[in-house]
Amino acid sequence: MSGDTFTFLVGGKAGEGVKKAGGSAANLFASMGRGVFQYDDYPSLIRGGHNFVSVSTATRQITSQYARPDLIVALDARSCETHKGELADGGVAILNSDAVSNGDGVGIPITTEAKKYPNPGLRVGVAGPAALAAAVGLSRDEMEDLISREYKRDLENNIPFAASIYGAVREAIGDRFRLERGDRERPILTGNEAIALGAAAAGLDIYLAYPMSPASTILHFLAKHDRELGVTVMHPESEIAVANMAVGAAVAGARTMVGTSGGGFALMEEALSLAGMAEAPVLCVLASRPGPATGVPTYTEQGDLGFARHYGHGEFPRLVASPGTVGEAFTLAAELLSLVWRFQTPAVLLTERHLSESAMTVDLDVDAAAWAEPVVQDGGDAGGYLRYRDTADGVSPMLFPPSEELIKWTSYEHDETGITTEDGAAIVRMHDKRSRKREALLEHLKGARTVNRFGSGRTIIFTYGSTTMSVLEAVAAGGIDATVVQPVYLEPFPTWELAEYAGTRPIVVEQSAAGQFATLLAEKARVDASAVVKRYDGRPFDPLELAGAIRRAIR
Amino acid sequence: MPEDLVTYAENTWCPGCGNFAIMNAVKRAVGKLGERGVGRERIAITAGIGCHAKIFDYLNLSGLYSLHGRAMSCAQGMKLANPDLRIVSFCGDGDAFGEGLAHMMFAAKRNADITVIVHDNGVYALTTGQRAPTSARGFKGPSTPRGNTEDPFNPLVLMLEAGATFVARGYVGKLAELTELIVAAIEHEGFSFIDVLQPSVTFNDTFEEYNASVELLTETPATLDEALAAARRTDRKPAGIFYRIEKPSNERALYGDGNPVADHPARDERLAKVKAILGTA
């Protein structure tokens with residue numbers, strides 16, 4: 001075990017129940033009151049290939065998977081091949097001896113055992129949590145409880161199958177990885193689930209999306225819970241339809257969110273510009289994957305930072321923020337939905353596959369979530385309602401149909417009523433109104449938390465988005481005396497919070513080939529990196545490797 | 001005709017443009033709907049971009065002046081948010097069958113409860129007369145100086161095949177009938193489509209041709225096949241309702257009698273639901 005952490009890895013072919021086995025392992029650790037981080041690695045295919053889930057745990061909050069597992073359960077030969085060299089010192093590999101002839105580890109005929117029951121192909125995955133339960137010291141009864149909770153169906157076959165694996169592992173390695181209990185059980189959420197629930201907590205009425213990894217599980221989660229939550233969910237014909245429907249829904253008064261990845265976001269930009277002109281509140285989740293173009297659909301990268309910060313043609317107030325942890329994803333989704341309604345402009349919640357699809361134990365303060373409320377027209381308006389009333393802070397009160405008043409939203413430049421204009425003075429007036437809105441938004445953000453700081457050590461490390469999780473774990477695992485600075489807001493960029501770092505030579509960590517974040521820091525905040533630690537192979541950082549890279553950069 | 005349906009915006013359509021007739025028919029239709037209990041405050045509109053879309057500024061009705069080809073998507077979003085509204089989407093033939101073709105096909109397919117009125121003049125007038133998806137082969141414009149090399153779409157056939165539950169053709173030369181079509185389309189629950197033959201006096205003046213070829217349908221065809229046959233006629237241009245069937249709208253299929261905006265939860269209620277899901281996460 002590396003430091004205070006324990007890492008379990010289960011691998012097999014797609015369709016063998018690998019994801020379920022990994023999720024069950026995560027639940028086992030969480031039920032012990034421990035912190036959990038679960039990383040699913042899967043290619044873009046449905047059957048075959050190689051899937052693995054890595055689950056790391058500690059008695060504290062843990063924010064990354066570890067690349068070197070303490071316990072591996074390899075259901076097929078490829079998993080054994082791929083992962084046998086990764087084993088941590090003192091680690092154990094449990095191999096399906098029906099698939100692996102001469103692997104280095106504890107061979108158990110998992111397939112032969114499974115064939116004693118119907119549907120053996122579906123059952124092999126159960127071996128994962130059964131083996132883990134034995135190795136970490138669960139009693140036979142506790143193991144049976146776990147399998148009953150996790151698999152629910154077909155228990156009369158799953159329990160004896162799990163018991164045979166449990167027995168074999170116990171016999172071979174005892175309870176070598178006995179784990180202590182943590183302080184209390186916490187829920188486990190993926191980043192996408194946290195985003196969905198955060199938006200729901202802010203009063204989301206409608207979610208629209210066209211499927212695209214890694215954003216799709218927001219759509220799936222909300223579609224599954226739509227009636228329970230009271231959120232209307234729809235999957236239209238394209239991202240273009242999605243974004244334009246969202247603007248229409250906002251015009252009718254519905255708190256609306258959309259979600260996509262880079263390619264879909266490109267298609268949505270026209271409508272985001274419409275939202276900028278019409279002053280329509282729309283929140284868009286951009287969950288990045290390696291690009292350009294189709295790129296690597298089921299892996300991670302931070303290559304869309306520049307793209308996200310400059311969405312939409314024309315000049316209008318933009319708002320982009322990116323959560324650093326799954327817990328922050330919940331808070332930030334609520335906050336951004338609230339801000340788009342307060343300031344009537346589109347916003348982007350930028351995240352990456354590593355946060356979207358990784359799961360971790362969270363401490364959520366649901367009651368503290370922001371609530372989306374528009375500034376509404378109250379009472380009579382002498383001279384009639386004006387959709388684009390030229391107010392001091394640029395925010396025009398809203399009104400929704402049905403109403404006796406005339407409510408005109410528009411993509412054209414317009415007068416206060418919302419009627420098209422080409423008059424020069426009128427154009428300037430509306431540009432200035434939108435600019436004042438941006439100023440008002442800036443003033444608001446200056447009073448809000450826009451940058452997170454962790455620790456107070458000598459070495460300054462800048463990072464953002466999902467890489468924050470990797471950096472925090474690296475600093476903890478590597479015992480590095482650092483201050484980690486994470487701008488949550490990326491547009492407007494919170495330069496007022498970063499002034500103290502101007503002229504410092506921090507280390508920047510990001511998952512981009514070009515180093516876009518380092519460039520942004522230099523251009524906007526005059527913070528020039530002494531070293532930029534990058535990773536852009538689609539995989540998230542390993543905390544131990546990252547700690548090593550940071551140490552080398554400090555020297 | 002209710003005069004309060006006009007805004008102060010200066011009208012810049014060409015004198016004699018067919019758009020005037022469409023706007024007159026809409027104003028009359030709104031008046032008639034008011035008499036039947038659908039007040040103008042419950043009618044919301046969207047428009048695409050083009051000459052047709054100026055109707056958005058001229059009509060004293062609430063809504064969204066959308067983007068080229070996206071008016072019907074914005075309209076669907078409005079309806080999805082508040083199904084108590086009656087949504088009318090004005091589109092040009094370039095909006096509906098060029099930039100926004102996919103949105104039209106899917107709006108029809110899912111039976112979104114909106115009314116799309118296509119100002120079909122067979123030309124891109126506002127952008128100085130380029131060919132449109134409904135321009136005839138051989139049509140000459142600045143982008144096709146030697147003549148259009150493509151055959152036109154048949155909008156009625158497209159919408160019938162896509163699953164529209166109300167399909168009609170109107171003609172600006174038949175104002176009373178056009179008014180009735182608009183009333184019937186707005187009253188229809190589900191996707192209503194009216195292709196309005198509308199000459200562009202400046203770029204594609206088809207008044208004479210249409211006056212000679214348009215004839216009113218004496219009755220609504222009984223089946224989809226009959227409707228398609230009528231829509232495919234080339235000897236004459238039948239006008240009227242080609243097809244009308246009852247089918248659950250997209251919104252009703254999604255949430256029954258629900259209404260996302262009206263049913264917007266109280267904060268405590270929503271937070272309790274979020275906590276309940278977290279309790280099982």
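The values are calculated or read from the model by the stated rules, or taken from the named source; none is laboratory data. As the structure is a computational prediction, the values presented were derived from the model and not from experiment. Cβ coordinates were reconstructed from backbone atoms using ideal geometry, including for glycine residues, and neighbour counts include every protein chain displayed.
Going by what's in this entry, would A:S530 be described as crowded, with 22+ Cβ neighbours inside 10 Å and outside the structural domain of A:T63 (by TED's automatic domain parsing)?
No: the conditions fail for A:S530.
All but one of (1) modelled with pLDDT of 90 or more; (2) surrounded by fewer than 24 Cβ atoms within 10 Å (Cβ to Cβ) hold for A:S44; which doesn't?
(1)
Show the residue pairs meeting these rules: Cβ distance below 6 Å; 6+ apart or different chains; first residue within segment B:39-50 and at negative phi; second residue among the aromatic types (F, W, Y).
Short answer, once both residue conditions are applied: B:A47/B:F56; B:A47/B:Y65; B:A47/B:F90.
Restricting the search to segment B:178-202, which residues are within 22 Å of the chain's Cα centre (by Cα) and assigned to a loop (DSSP other than H, G, I, E, B)?
Once the filter is applied, which keeps residues that are within 22 Å of the chain's Cα centre (by Cα) and assigned to a loop (DSSP other than H, G, I, E, B), segment B:178-202 yields B:H188, B:E189, B:G190, B:F191, B:Q198, B:P199, B:V201.
If you take the residues of segment A:328-386 that are among the polar types (S, T, N, Q) and in contact with a helix residue (DSSP H, G or I) (Cβ under 9 Å, 6 or more places away or on another chain), which of them is farthest from A:G418 (Cα to Cα)? Write out each step before concluding.
Residues of segment A:328-386 that are among the polar types (S, T, N, Q), as a first pass: A:331, A:338, A:344-345, A:351, A:356, A:358, A:361, A:377.
The next check asks that each one be in contact with a helix residue (DSSP H, G or I) (Cβ under 9 Å, 6 or more places away or on another chain); those that pass are A:331, A:344-345, A:351, A:356, A:358, A:361.
Details: A:T331: 34, A:Q344: 15, A:T345: 16, A:T351: 35, A:S356: 39, A:S358: 45, A:T361: 48 Å.
Only one residue tops the list, namely A:T361.
Specify which of the listed residues (A:E491, A:E500, A:E473) is touching a helix residue (DSSP H, G or I) at 6+ places or on another chain (Cβ under 8 Å), under 24 Å from A:R526 (Cβ atoms), of a type in the set (D, E, K, R) and not assigned by TED's automatic domain parsing to the domain that holds A:G324. I'd like the intermediate steps shown before the answer.
Details: A:E500 fails: touching a helix residue (DSSP H, G or I) at 6+ places or on another chain (Cβ under 8 Å); A:E473 fails: under 24 Å from A:R526 (Cβ atoms).
When all the criteria are applied, what remains is A:E491.
Give me a count of the residues in segment B:1-11 that are modelled with pLDDT of 95 or more and either among the acidic types (D, E) or within 17 Å of B:H52 (Cβ to Cβ) (or both). First the steps, then the outcome.
Initial filter on segment B:1-11 (modelled with pLDDT of 95 or more): B:7-11.
Filter once more, so that each one left must be either among the acidic types (D, E) or within 17 Å of B:H52 (Cβ to Cβ) (or both): B:7, B:9-11.
Final tally of qualifying residues: 4.
Select, from B:A253, B:A230, B:A239, the only residue that is part of a helix (DSSP H, G or I) and either within 30 Å of B:A136 (Cα to Cα) or under 18 Å from the mean Cα position of the chain (by Cα) (or both). Outline the logic, then answer.
Details: B:A253 fails: either within 30 Å of B:A136 (Cα to Cα) or under 18 Å from the mean Cα position of the chain (by Cα) (or both); B:A239 fails: part of a helix (DSSP H, G or I).
Going through B:A253, B:A230, B:A239 in turn, just one is part of a helix (DSSP H, G or I) and either within 30 Å of B:A136 (Cα to Cα) or under 18 Å from the mean Cα position of the chain (by Cα) (or both): B:A230.
Is there a residue being under 22 Å from the mean Cα position of the chain (by Cα) and buried (at least 20 other Cβ atoms within 10 Å of the Cβ) anywhere in segment A:497-507?
No, there is no match, as no residue in segment A:497-507 is under 22 Å from the mean Cα position of the chain (by Cα) and buried (at least 20 other Cβ atoms within 10 Å of the Cβ).
Determine if segment B:87-104 includes at least one residue that is within 17 Å of B:Y65 (Cβ to Cβ) and modelled with pLDDT under 95.
No, because not a single residue in segment B:87-104 is within 17 Å of B:Y65 (Cβ to Cβ) and modelled with pLDDT under 95.
Can you tell me which residue in segment A:211-239 is nearest to the other protein chains (Cβ to nearest Cβ), limited to those that are surrounded by 24 or more Cβ atoms within 10 Å (Cβ to Cβ) and not aliphatic (A, V, I, L, M)?
The extreme case among them is A:T232.
Give the residue, chosen from B:P15, B:P83, that is of a type outside the set (G, A, S), touching a helix residue (DSSP H, G or I) at 6+ places or on another chain (Cβ under 6 Å) and touching a residue at least 60 places away in the same chain (Cβ under 8 Å).
Matching residue, one of B:P15, B:P83: B:P83.
Are any residues in segment A:5-41 more than 22 Å from A:E142 (Cβ to Cβ), in contact with a helix residue (DSSP H, G or I) (Cβ under 8 Å, 6 or more places away or on another chain) and among the aliphatic types (A, V, I, L, M), and if so, which ones?
A:V18
Which one is farthest from the other protein chains (Cβ to nearest Cβ), of the residues in segment B:23-69 that are aromatic (F, W, Y) and touching a Gly at 6+ places or on another chain (Cβ under 9 Å)?
By that ranking, first place goes to B:F56.
Modelled with pLDDT under 95 and either closer than 29 Å to B:I245 by Cβ or in contact with a Gly (Cβ under 6 Å, 6 or more places away or on another chain) (or both): is that true of B:G129 in this structure?
Judged against the criteria, B:G129 is a match.
Looking only at segment A:498-517, count how many residues are part of a helix (DSSP H, G or I) and within 20 Å of A:R458 (Cβ to Cβ).
Going through segment A:498-517 one residue at a time, the tally reaches 4.
Looking at segment A:181-210 only, could you name the residues that are at the interface with chain B (Cβ under 7 Å from one of its Cβ atoms), within 25 Å of A:I240 (Cα to Cα) and of a type outside the set (D, E, K, R)?
Those that are at the interface with chain B (Cβ under 7 Å from one of its Cβ atoms), within 25 Å of A:I240 (Cα to Cα) and of a type outside the set (D, E, K, R): A:L197, A:A200, A:G203, A:I206.
Before we move on, is A:E301 more than 8 Å from chain B (Cβ to nearest Cβ), assigned to a loop (DSSP other than H, G, I, E, B) and touching a residue at least 40 places away in the same chain (Cβ under 8 Å)?
yes
Quick one: how many residues across segment A:246-291 are away from chain B (no Cβ under 11 Å) and assigned to a strand (DSSP E or B)?
Adding up the residues that qualify gives 9.
Within segment A:42-145, which strands (runs of 3 or more DSSP E) (wholly inside it) include 2 or more residues that are out of contact with any helix residue (DSSP H, G or I) (no Cβ under 8 Å at 6 or more places or on another chain) and assigned by TED's automatic domain parsing to the domain that holds A:G15? Give the derivation first.
Working: elements: A:48-58, A:71-74, A:92-96, A:106-108.
Passing ranges, in order: A:48-58.
For segment A:348-386, enumerate the residues that are crowded, with 22+ Cβ neighbours inside 10 Å, within 13 Å of chain B (Cβ to nearest Cβ) and either assigned to a strand (DSSP E or B) or touching a residue at least 40 places away in the same chain (Cβ under 8 Å) (or both).
The answer is A:A359, A:M360, A:T361, A:V362, A:L364, A:A369, A:A372.
Among the candidates B:A102, B:A107, single out the residue that is within 23 Å of B:P221 (Cβ to Cβ) and of a type in the set (G, A, S).
B:A107 is the lone residue from the list that is within 23 Å of B:P221 (Cβ to Cβ) and of a type in the set (G, A, S).
Among the residues of segment A:146-167, is there at least one that is part of a helix (DSSP H, G or I), among the basic types (K, R) and over 30 Å from the mean Cα position of the chain (by Cα)?
For segment A:146-167, residues part of a helix (DSSP H, G or I), among the basic types (K, R) and over 30 Å from the mean Cα position of the chain (by Cα): absent.
Among the residues of segment A:440-447, is any within 13 Å of chain B (Cβ to nearest Cβ), surrounded by fewer than 16 Cβ atoms within 10 Å (Cβ to Cβ) and either of a type outside the set (D, E, K, R) or assigned to a loop (DSSP other than H, G, I, E, B) (or both)?
No, the conditions are met nowhere in segment A:440-447.
Evaluate the following for A:R153: is it at pLDDT below 95 and away from chain B (no Cβ under 11 Å)? Before you say what the answer is, go through the steps one by one.
Details: at pLDDT below 95: yes; away from chain B (no Cβ under 11 Å): yes.
Criteria met by A:R153.
Would it be correct to say that A:S470 is within 14 Å of another protein chain (Cβ to nearest Cβ) and in contact (Cβ under 8 Å) with a residue 12 or more places away in the chain?
Numbers: within 14 Å of another protein chain (Cβ to nearest Cβ): no; in contact (Cβ under 8 Å) with a residue 12 or more places away in the chain: yes.
Taking the combined requirement at face value, the residue does not satisfy it.
Within segment A:405-423, track down each residue that is within 7 Å of chain B (Cβ to nearest Cβ) and in a loop (DSSP other than H, G, I, E, B). Talk me through it step by step, then tell me what you get.
Residues of segment A:405-423 that are within 7 Å of chain B (Cβ to nearest Cβ), as a first pass: A:406-412, A:419-420.
A:L406, A:I407, A:S411, A:Y412, A:I419, listed by residue number.
Just checking, which of A:E439, A:E422 is within 16 Å of A:D393 (Cβ to Cβ) and acidic (D, E)?
One residue alone meets the criteria, A:E439.
Among the residues of segment B:127-147, how many are under 26 Å from B:A239 (Cα atoms) and in a loop (DSSP other than H, G, I, E, B)?
9
Quick check on B:M72: is it of a type in the set (A, V, I, L, M), touching a residue at least 12 places away in the same chain (Cβ under 8 Å), more than 8 Å from chain A (Cβ to nearest Cβ) and not in a strand (DSSP E or B)?
yes
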